[in-house]
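The values are calculated or read from the model by the stated rules, or taken from the named source; none is laboratory data. Since this is a predicted model, take the numbers as computed values, not measurements. FYI the Cβ positions are ideal-geometry reconstructions off the backbone, even for glycines, and counts take in every protein chain you see.
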Amino acid sequence: MGPTSSKKSGAADRVAAVLREQIVKGLFPPGLRLSEEALGSDLGVARNTLREAFRMLSQERLVVHRLNRGVFVRELTVAEIEDLYRLRSAIEIAALSQGGLVEPELGPLRAALAEADEAALREDWKAVGTAGLVFHSRLVQLAGSERLSAVMDGLMAELRLAFHMAANVNELHARYALRNKMLFAMLEEGDITGAAVALRDYLTDSEADILGAYSGVRA
């Protein structure tokens with residue numbers, strides 16, 4: 001790969017990262033058409049660079065190309081949401097089951113909870129949901145596994161799409177923000193086993209609530 005190709009690849013990586021962050025923050029909802037013209041102008045990049053970024057996000061299952069229509073943010077099916085939670089549960093529970101979590105570094109988790117509290121005061125429920133995703137991403141980081149963390153980081157945008165597919169998620173974000181605090185309290189007390197059990201229940205309930213809310217939208 002020559003210098004020019006490397007530069008193009010680097011630019012596409014940066015554009016993909018920006019678009020991925022917009023999805024994680026809930027700013028690009030499922031079904032939204034991503035305009036090449038508008039995004040190219042906003043980001044100051046060439047069309048080829050933007051198309052390469054779209055290709056990357058397509059491989060991450062975040063966008064889909066529809067022939068003669070353009071690129072759209074993916075809309076998840078029930079089966080995809082179920083599969084997403086299977087993977088999420090495997091990663092998060094594995095992270096808390098690692099033997100090295102004797103005295104985990106909890107500062108990043110505490111910061112994510114503070115972000116959720118500040119967003120709740122503003123009644124910015126998208127931001128509350130984002131802070132919750134960050135909390136769980138940092139929870140996985142406690143395992144000290146770069147691979148687990150990388151997979152979880154990749155799931156964050158897909159999880160946001162799952163949240164978007166459901167109706168009335170504001171109440172859910174508020175409820176699970178409280179449960180995140182309960183998980184944190186267990187970790188702070190050194191009750192790793194209890195936290196792992198609570199996390200399993202948390203994820204089971206979260207999947208059921210998201211699927212229930214999604215079914216209400218589809219009905």
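Laid out as a table, the results:
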quantity: Residue in the stretch 65-81 that is touching an Asp or Glu at 6+ places or on another chain (Cβ under 7 Å) and in contact (Cβ under 8 Å) with a residue 12 or more places away in the chain present; calculated: no
quantity: The stretch 105-131 - residue that is at negative phi and of a type in the set (D, E) and, of those, modelled with the lowest pLDDT; calculated: E105
quantity: Failed item, numbered, when G26 is tested on (1) at pLDDT below 90; (2) in the same structural domain as G154 (by TED's automatic domain parsing); (3) small (G, A, S); calculated: (2)
quantity: Selection from the stretch 173-191 of residues that are at pLDDT below 90 and crowded, with 18+ Cβ neighbours inside 10 Å; calculated: H173
quantity: Unique match (being surrounded by 14 or more Cβ atoms within 10 Å (Cβ to Cβ), under 28 Å from L183 (Cα atoms) and charged (D, E, K, R)) among E80, E52; calculated: E80
quantity: Unmet criterion (only one of (1) aliphatic (A, V, I, L, M); (2) assigned by TED's automatic domain parsing to the domain that holds V151; (3) at pLDDT 90 or above) for V102; calculated: (3)
quantity: Close pairs from the stretch 168-197: first at positive phi, partner outside any loop (DSSP other than H, G, I, E, B), Cβ under 8 Å, at least 6 apart; calculated: N168/A213; N168/G216
quantity: Residue match in the stretch 132-154 (condition: more than 23 Å from R200 (Cβ to Cβ), surrounded by 16 or more Cβ atoms within 10 Å (Cβ to Cβ) and at pLDDT below 90); calculated: no
quantity: Selection within the stretch 200-219 - surrounded by 14 or more Cβ atoms within 10 Å (Cβ to Cβ), at pLDDT below 95 and of a type in the set (A, V, I, L, M, F, W, C); calculated: I210, L211, A213
quantity: Which listed residue, of L67, L62, is hydrophobic (A, V, I, L, M, F, W, C), farther than 17 Å from H173 by Cβ and loosely packed, with under 13 Cβ neighbours inside 10 Å; calculated: L67
quantity: Residue in the stretch 11-49 that is surrounded by the fewest Cβ atoms within 10 Å (Cβ to Cβ), counting only those that are touching a residue at least 12 places away in the same chain (Cβ under 8 Å) and among the hydroxyl-bearing types (S, T, Y); calculated: S35
quantity: Unique match (being hydrophobic (A, V, I, L, M, F, W, C) and over 23 Å from E118 (Cα atoms)) among L178, L148, L183; calculated: L148
